[in-house]
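The values are calculated or read from the model by the stated rules, or taken from the named source; none is laboratory data. These numbers were taken from a predicted model, which means no experiment stands behind them. Cβ placement follows ideal geometry from the backbone for every residue including glycine, while neighbour counts extend to all protein chains displayed.
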Amino acid sequence: MFSILIPSWNNLPYLKLCIDSVRRHSLFDHEIIVHVNEGSDGTLEWVRSQGIRHTWSKGNVGVCLALNDVARLATRDWILFLNDDMFCTPGWDIAFAASLRSLGHSSAYLSSMLIEPTDTGNANITAANFGTGPDNFNEAGLLDYTADMKSADRDGVALQPMLISRRLWHTVGGYSIEFGPGMSSDDDFLMKLWLVGCRVFRSVGASRIYHFGCKSTGRIRRNAGGREFLMKWGISQRDFNRGYIQQTASAEFTDLPNVPRAPRMSRLKRVLYALGRYPLEDLERWEADLPAKLTLHKPFEGTPEDEAGSD
């Protein structure tokens, strides 16, 4: 049913647990595709031994490039972006399928109801500690907990994992690589969806995913994503989320403007940010030689693993 895209950067114990949860707790037959960033911890050998379709880069190219690379292998009508530090609970995909059928159209961004071990103050995420990693993960406790949960759908919410149609993904061109290695790339993607008319941003309450929490982003030099978003779109992420994404929960679609307009504070911040070296200084600080990390095809010579990095 879904093409499940999983970028992974030397996170093999989490990746194994994530894929195992998909295999054991899914009703439907899904296509699992992994992008291996570097893979020096044995990830590359493991995905090959498992026969998992994958793409590969010599180093960490970040989530934007990784997703765009792996998305080219997707063959199903729906794409699910799943982080490698997430665990799917029984019924997660049934709930997504039911929500899609109730919509009757494909212009939608669906996400799961997330459970995390730490309370971060996000009202859209449930805090319940069933372990902070594979070594202390209490799966039995989590499954008992989610089986008893009563959680409704929430509109005006855009979380992970993200489910959208493959056609919509390609319509907006996937993730924008100027946000590498990835901070605020999700919000940028939401803006692109908004501009092509997507107005359904829904957290599906019966699709429950446990998220161990940011096991890769804590190891990288982060880009100033909020600044990049504001300079690109002229509106801050906060104003876009509050004034547009959240408004889809109550407003009629025809009452929402096709092009978001920035309030005064966003415009003032943009003027101040313009005095800096936006935006490529973030990319340079993160990875000055990004091309050297990529694996590329040779023209007309097929796709062997040592050249193309994919199966």
Taking the range 240-283 and keeping only residues that are acidic (Asp, Glu) and surrounded by fewer than 12 Cβ atoms within 10 Å (Cβ to Cβ), one is left with Glu252, Asp255
*Taking the stated definitions as given, is Pro304 surrounded by 12 or more Cβ atoms within 10 Å (Cβ to Cβ), at pLDDT 80 or above and not basic (Lys, Arg)?*
no
- Thr89 vs. criteria farther than 25 Å from Gly213 by Cβ, touching a residue at least 24 places away in the same chain (Cβ under 8 Å), out of contact with any Gly (no Cβ under 9 Å at 6 or more places or on another chain) and of a type in the set (Ser, Thr, Tyr): no
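Let's see how each residue does on (1) in a helix (DSSP H, G or I); (2) out of contact with any Gly (no Cβ under 8 Å at 6 or more places or on another chain); (3) modelled with pLDDT under 95:
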position: Pro181; (1), (2), (3): no, no, yes
position: Trp194; (1), (2), (3): yes, yes, no
position: Ser207; (1), (2), (3): no, no, no
position: Gly213; (1), (2), (3): no, yes, yes
Selection from the range 46-72 of residues under 13 Å from the mean Cα position of the chain (by Cα) and small (Gly, Ala, Ser) yields Gly62, Ala66, Ala71
Practice item. Within the range 38-45, identify whether any single residue is in contact (Cβ under 8 Å) with a residue 60 or more places away in the chain and either part of a helix (DSSP H, G or I) or touching a strand residue (DSSP E or B) at 6+ places or on another chain (Cβ under 6 Å) (or both), and answer yes or no. Key: no
Over the range 167-179, the set of residues part of a helix (DSSP H, G or I), within 15 Å of Arg227 (Cβ to Cβ) and of a type outside the set (Asp, Glu) is Phe179
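To keep it simple, each residue is scored yes or no on (1) touching a Pro at 6+ places or on another chain (Cβ under 7 Å); (2) under 29 Å from Ile6 (Cβ atoms); (3) in contact (Cβ under 8 Å) with a residue 24 or more places away in the chain; (4) not in a loop (DSSP other than H, G, I, E, B).
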{"site": "Met231", "(1), (2), (3), (4)": "yes, no, yes, yes"}
{"site": "Asp239", "(1), (2), (3), (4)": "yes, no, yes, yes"}
{"site": "Arg261", "(1), (2), (3), (4)": "no, no, yes, no"}
{"site": "Arg270", "(1), (2), (3), (4)": "no, no, yes, yes"}
{"site": "Gly276", "(1), (2), (3), (4)": "no, no, yes, no"}
{"site": "Ala292", "(1), (2), (3), (4)": "no, yes, yes, yes"}
Exactly one of Asp119, Asp148, Asp155 is farther than 30 Å from Leu296 by Cβ and touching a residue at least 60 places away in the same chain (Cβ under 8 Å), and that residue is Asp155
Flagged in the range 271-294 as basic (Lys, Arg) and either at pLDDT 85 or above or touching a strand residue (DSSP E or B) at 6+ places or on another chain (Cβ under 6 Å) (or both), in numbering order, are Lys293
Among Arg101, Arg48, Arg24, the single one that is touching a residue at least 12 places away in the same chain (Cβ under 8 Å), assigned to a helix (DSSP H, G or I) and out of contact with any Phe, Trp or Tyr (no Cβ under 6 Å at 6 or more places or on another chain) is Arg48
With the first residue restricted to the range 4-20 and required to be farther than 19 Å from Gln160 by Cα, and the second required to be at pLDDT 95 or above and crowded, with 20+ Cβ neighbours inside 10 Å, Cβ contacts under 7 Å at 6 or more apart or on different chains are Asn10/Thr43; Leu12/Thr43
Quiz item: Quick check, is Ser207 in contact (Cβ under 8 Å) with a residue 12 or more places away in the chain, buried (at least 20 other Cβ atoms within 10 Å of the Cβ), in contact with a strand residue (DSSP E or B) (Cβ under 8 Å, 6 or more places away or on another chain) and among the polar types (S, T, N, Q)?
Solution: yes
